[in-house]
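A.B. asks: My questions all concern the structure below.
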Amino acid sequence: MDGLTLLTLGLSLLALAVAVAGVFLYASGRAQRRALLERLAGPAPGPSDTVPLTALAAGQAAPHASGRQRRFQGLDRRLRGTALGQRLALKLRATGMDLTVGEYAAAVLGAMAVLWLVGAVVLAPFFGPVCALLALWGGSAFLDWQRARRTERFISQLPELARLIANGTAAGLALRTALSMAAEEMDDPAGAELSLVSSQLAVGRSLEEALDELGQRLPSRELHVLVTTLILANRAGGTIVSSLRNLTDTLEERKETRREVRTMLAEINATAVTVPLLGLGALLMINATSPGALGRVTGSTGGQIAIIVSLALYVIGFFVVRRFGRIDV
């Protein structure tokens with residue numbers, strides 16, 4: 001028996017040593033491949049260098065622009081060839097986050113797996129798929145929140161943007177030059193978005209196409225009015241300076257109005273989030289006071305139907321309250 005134990009221990013140590021050597025060889029091979037690809041591609045572009053023309057034509061940021069090694073490139077290539085992947089790429093671009101479609105999809109799938117396991121272990125096996133669906137919805141909701149947050153920041157910069165364009169055109173600059181000047185003067189997100197518009201104009205896209213795509217990335221009434229004003233002025237000419245200065249005053253007033261409305265609706269939005277959290281807390285309390293209660297409830301068809309109906313009512317209540325607290329200004 002002692003000899004068998006020693007043999008097992010020796011084989012285990014040998015397998016561990018082979019596994020460690022394999023990991024080191026794999027890492028070394030990846031490093032050599034990455035170095036070879038970098039030599040073939042040439043030096044990495046700096047902040048002032050131009051990005052690939054195909055990326056600019058698609059309205060995307062250049063890959064590896066941040067110098068960070070991208071993960072899940074195979075998944076990213078497969079997803080970008082689909083309509084869903086293209087919509088995700090546009091939404092990720094609008095959020096301003098340094099993520100590829102593949103990285104986002106891998107993160108969401110990982111969150112779904114983790115929440116499935118947590119829901120099945122902490123609550124009951126029935127709640128595993130429910131938690132996974134919640135993770136999938138949460139990933140989309142997080143992108144929408146980031147996009148709305150960035151859009152709000154962009155809207156708050158619109159009065160200053162209109163003022164800079166008006167001053168540039170009043171000084172005799174062309175509209176494209178005024179946009180480039182505004183991109184250099186303003187902070188993110190307006191600076192980054194206008195830099196992308198200027199880069200698209202530099203590679204031959206029309207002003208109308210570039211501005212329309214900007215409006216699609218950051219949809220808002222204020223930006224739509226500004227884009228329409230610039231496009232009409234570019235087509236027919238006219239008194240663009242006075243139009244932009246009048247628009248600047250209007251945007252300042254709308255900025256203050258939006259801030260007041262958002263403050264008044266803060267309590268409603270907090271209620272929409274608090275009520276579902278209270279339901280989750282009730283489930284955790286029931287399972288803590290009576291271990292296995294949720295498992296017994298969801299073990300029957302009637303219990304599963306009751307849980308599904310209650311979850312549906314919570315979801316409906318969440319969206320109804322959010323709809324009551326949504327006022328378009």
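A.B. asks: If we sort 254-262, 179-187 on the protection proxy, mean other Cβ atoms within 10 Å, highest first, what's the order?
C.D. replies: Details: 254-262: 13.7, 179-187: 17.7.
Sorting 254-262, 179-187 by mean packing, highest first, produces 179-187, 254-262.
A.B. asks: Provide 99, 214 ordered by accessible surface of protein heavy atoms (probe 1.4 Å), highest first. List each step's numbers first, then the result.
C.D. replies: Working: 99 70, 214 5 Å².
The residues order as 99, 214, largest area first.
A.B. asks: Under a Cβ-Cβ cut-off of 15 Å, what is the net charge of the residues other than residue 242 that fall near it, where Lys and Arg count +1 and Asp and Glu count -1?
C.D. replies: Values: positive: 163, 245; negative: 249.
Taking every Cβ under 15 Å from that of residue 242, the sum is +1.
A.B. asks: Rounded to the nearest 0.05, what FRET efficiency do residue 117 and residue 265 give with R0 = 35 Å and r taken as the Cβ-Cβ distance? Could you check? Spell out each step's value before the answer.
C.D. replies: On the way: r = 37 Å, r/R0 = 1.05.
That gives a FRET efficiency of 0.45.
A.B. asks: Got a sec? What order do 150, 326, 77 fall in by accessible area at 1.4 Å, biggest, i.e. largest, first? Can you show the working numbers first?
C.D. replies: Working: 150 25, 326 135, 77 160 Å².
From most exposed to least exposed: 77, 326, 150.
A.B. asks: How much accessible surface does residue 315 have with a 1.4 Å probe, in Å² rounded to 10?
C.D. replies: That residue has around 80 Å² of solvent-accessible surface.
A.B. asks: Mind giving me the FRET efficiency for residue 304 and residue 184? R0 is 51 Å, r the Cβ-Cβ distance, nearest 0.05 is fine.
C.D. replies: Using R0 = 51 Å, I get an efficiency of 0.30.
A.B. asks: On the full set of protein chains, 1.4 Å probe, figure out the accessible area of residue 145 and give it in Å² to the nearest 10.
C.D. replies: About 140 Å², rounded to the nearest 10.
A.B. asks: To the nearest 10 Å², what's residue 253's accessible area with a 1.4 Å probe?
C.D. replies: Result for residue 253: roughly 120 Å² accessible.
A.B. asks: Once R0 is set to 45 Å, what does the formula 1/(1 + (r/R0)^6) return for the Cβ-Cβ distance between residue 232 and residue 278, expressed as a FRET efficiency to the nearest 0.05?
C.D. replies: Details: r = 51 Å, r/R0 = 1.13.
The computed FRET efficiency comes out at 0.30.
A.B. asks: Subtracting the Cα-Cα distance from 0.36 nm times the residue separation, let me have the gained length for residue 216 to residue 316 in nm, one decimal.
C.D. replies: 33.1 nm
A.B. asks: The range 72-86 to the range 128-150: how many Å between their Cα centroids?
C.D. replies: Each part's Cα centre sits 19 Å from the other's.
A.B. asks: Still on this structure, please answer the following. Indicate the gyration tensor shape class of the range 227-321 (rounded, prolate or oblate), computed on the Cα atoms with a ≥ b ≥ c the square roots of the eigenvalues: a/c under 1.5 is rounded; otherwise a/b larger than b/c is prolate and the rest oblate. Intermediate results must be reported in sequence, preceding the final value.
C.D. replies: Details: a/c = 6.42, a/b = 3.26, b/c = 1.97.
In terms of gyration-tensor shape, prolate.
The values are calculated or read from the model by the stated rules, or taken from the named source; none is laboratory data. Note that the coordinates shown come from a computational prediction; the quantities given were computed from them, not determined experimentally. Because the Cβ atoms are built from the backbone with ideal geometry, glycine has one as well, and the counts that use them run over all protein chains shown. What goes into the accessible areas is simple: the full protein's heavy atoms, side chains included, and nothing from ligands, DNA or RNA. Shrake-Rupley method; radii C 1.70, N 1.55, O 1.52, S 1.80 Å.
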